[in-house]
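Reviewing the structure listed below.
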């Protein structure tokens, strides 16, 4: 991606207040198009969510550093950011800051590759489980299939009536219609890399 700072310096903008408001309005539009909350975008960009809120309302002028972080977090150039015909091309590579956090509860954080999975056949997730992290007593069930590898930690995986302890290097694969539950029963943070088709979370 071209240098955001260079693009900003090259931009011919005479009215600072107008561009502040325009940037904020466009930021909100693009954020909502991608299904992101202010908190999620802020986390991806590495800036405070209150800053995102104030920028969107046009109440503060974003610094060059903040603009660059926002553009990098959204994977767009400055010219594309302001384009009315922004084409959402399929992205091939993702920095860890560009992964979308889709859930963060009960000690479980799921981070997804890709912003919008509409039309996608597969969903790939990086699951981070705090000690005791649990997907919940009410087991999940949905259409499709899923599989994954335990990267770190010890997990109790329940699939239907089957219960198994899995540790780093172990794997699983099952039809997602079978009720299932993941629980970190180890003494350290656990991680799972998984894929499911079709996307469901």
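Viscosity 1.002 mPa s, temperature 20 °C: give me the Stokes-Einstein translational D for region 52-184 in µm²/s, with Rh taken as the Kirkwood radius over C-alpha pairs.
On the way: Rh = 17.7 Å.
Estimated via Stokes-Einstein, D reaches 121 µm²/s.
Efficiency by 1/(1 + (r/R0)^6): what FRET value for residue 139 and residue 22, r their Cβ-Cβ distance, R0 = 41 Å, to the nearest 0.05?
So the FRET efficiency works out to roughly 0.30.
Hey, with R₀ at 35 Å, roughly what FRET efficiency would residue 63 and residue 171 work out to, going by the Cβ-Cβ distance, to 0.05? Please list the in-between numbers first.
Numbers: r = 46 Å, r/R0 = 1.30.
According to the calculation, E is roughly 0.15.
Working from the pairwise distances between different alpha carbons, so that the mean of 1/r is found and then inverted, what is region 148-201's Kirkwood radius in Å? Please report the intermediate quantities before stating the final value.
Numbers: mean 1/r = 0.0866 Å⁻¹.
After inverting the mean inverse Cα-Cα distance, the result is 11.5 Å.
For residue 197 and residue 156 in one chain, what is 0.36 nm times their gap in residues minus the Cα-Cα distance, to one decimal in nm?
On the way: separation 41, 0.36 × 41 = 14.76 nm, distance 2.23 nm.
Gain in length upon complete extension: 12.5 nm.
Suppose each label sits 7 Å from its Cα in the direction of the beta carbon; what would the residue 96-residue 53 distance come out to in nanometres?
2.8
For region 100-175, what D do you get in µm² per second when you plug the Kirkwood radius from alpha-carbon pairs into Stokes-Einstein at 10 °C and 1.306 mPa s?
Details: Rh = 13.8 Å.
It diffuses with D of about 115 µm²/s by this estimate.
Taken together, the values in this text are just the output of simple stated rules run on the coordinates, not laboratory data. On a predicted model such as this, the values are computed, not experimentally measured, just so you know. Cβ sites come from the backbone with ideal geometry, for glycine too, and all protein chains shown count toward neighbours.
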